[in-house]
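A short write-up of the structure that comes next.
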Amino acid sequence: MIPPKQDAEFVAHMEDVLETYATAYAPQQPVLCMDEQPVPLLRETKVPIPATKQHAQHVDYEYERNGTASIFMFAEPLSGFRQATARPRRTKVDWAIEVAQLLDTRYAACEQVTLVCDNPNTHTKGAFYEAFTPDLARGYVKRIDFRYTPKHGSWLNVAECELSCLTSQCMTGRHIGELALLQSEIKIWADKTNAKQRGVDWQFKITDARSKLKRLYPIIKTG
């Protein structure tokens, strides 16, 4: 996921995100990262045998597909807050509703939220206008300071790392076949993680990027 050499757009967005991570915690303008992940819903075809003192739970390898869902992960690196939700789709409207829900609840008193996310065609200001009336949409947009990760730079998004943690800790080796069950399970994971108040200590700085990823920076010709 590393871009070709001398990619000015990549380094511009990368430094923007790295500078964001280097800022001190500001309660009135917290830094929030978000990412999405599609998941298949896999329904068991045979009832698992419950665990006993003599053996662990027995689960058959056979399953049937029951559609797909999309997990929306939000992570606030400095406070240790996570929110994981799931929806049947990940359209512009779905994304806007998820962001708006946080702006109306956890961040209701915040003047502005810095939102770090990737830059597909769903993560746009226009998405709010597809989901809400113009006055509501404008209100949400004015409260968001967008920071887009560069193309091929998803590793810069803390929320992607949290999605990886959720997948390995909550979903690996399991068949979850219903959306409601998926929503319940990932909420339990988020609640337990939040209880630990595990923050993210991001160490990679702009100075590190300019040294270790020097090949990505354009060569400036002088004279």
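The values are calculated or read from the model by the stated rules, or taken from the named source; none is laboratory data. Everything quoted here is computed from the prediction, not taken from an experiment. A quick note on method: Cβ atoms are made from the backbone with ideal geometry, for glycine too, and the neighbour counts reach across all protein chains shown.
General remarks:
- When each of A84, A127, A96 is tested for being at pLDDT 90 or above, surrounded by 15 or more Cβ atoms within 10 Å (Cβ to Cβ) and assigned to a strand (DSSP E or B), the lone residue that passes is A84.
- Residue satisfying all of: in region 21-38; over 14 Å from the mean Cα position of the chain (by Cα) and not aromatic (F, W, Y); surrounded by the fewest Cβ atoms within 10 Å (Cβ to Cβ) among these: A24
- The residues of region 141-159 that are crowded, with 20+ Cβ neighbours inside 10 Å and out of contact with any Lys or Arg (no Cβ under 9 Å at 6 or more places or on another chain), listed by number, are R147, T149, P150, G153, L156, N157, V158.
- The set of residues in region 70-81 that are surrounded by 21 or more Cβ atoms within 10 Å (Cβ to Cβ) and not in a loop (DSSP other than H, G, I, E, B) comprises I71, F72, M73, F74, A75, E76.
- Checking region 179-198 against the condition returns a match, with at least one residue being closer than 30 Å to V11 by Cα, part of a loop (DSSP other than H, G, I, E, B) and over 15 Å from the mean Cα position of the chain (by Cα).
- Pairs, first within 12 Å of V116 (Cα to Cα) and in contact (Cβ under 8 Å) with a residue 12 or more places away in the chain in region 153-179, second part of a helix (DSSP H, G or I) and among the β-branched types (V, I, T), C-beta under 7 Å, six or more apart: L156/V17
- Of all residues in region 3-19, exactly one satisfies the criterion of being over 11 Å from K205 (Cα atoms), touching a Leu at 6+ places or on another chain (Cβ under 6 Å) and aliphatic (A, V, I, L, M), namely V11.
- Meets criteria (at pLDDT 90 or above and not in a loop (DSSP other than H, G, I, E, B)) for L103: yes
- Within region 171-191, not a single residue is under 25 Å from L18 (Cβ atoms) and buried (at least 19 other Cβ atoms within 10 Å of the Cβ).
- Among the residues of region 204-218, not a single one is farther than 22 Å from H152 by Cβ, at pLDDT below 95 and touching a Lys or Arg at 6+ places or on another chain (Cβ under 8 Å).
- Near pairs, Cβ below 7 angstrom, 6+ apart or cross-chain, from region 91-105 (within 15 Å of E130 (Cα to Cα)) to any residue that is basic (K, R) and at pLDDT 95 or above: D94/R87
- Output for region 199-223, where each listed residue is of a type outside the set (D, E, K, R) and assigned to a loop (DSSP other than H, G, I, E, B): G199, V200, W202, Q203, F204, L213, Y217, P218, I219, I220, T222, G223
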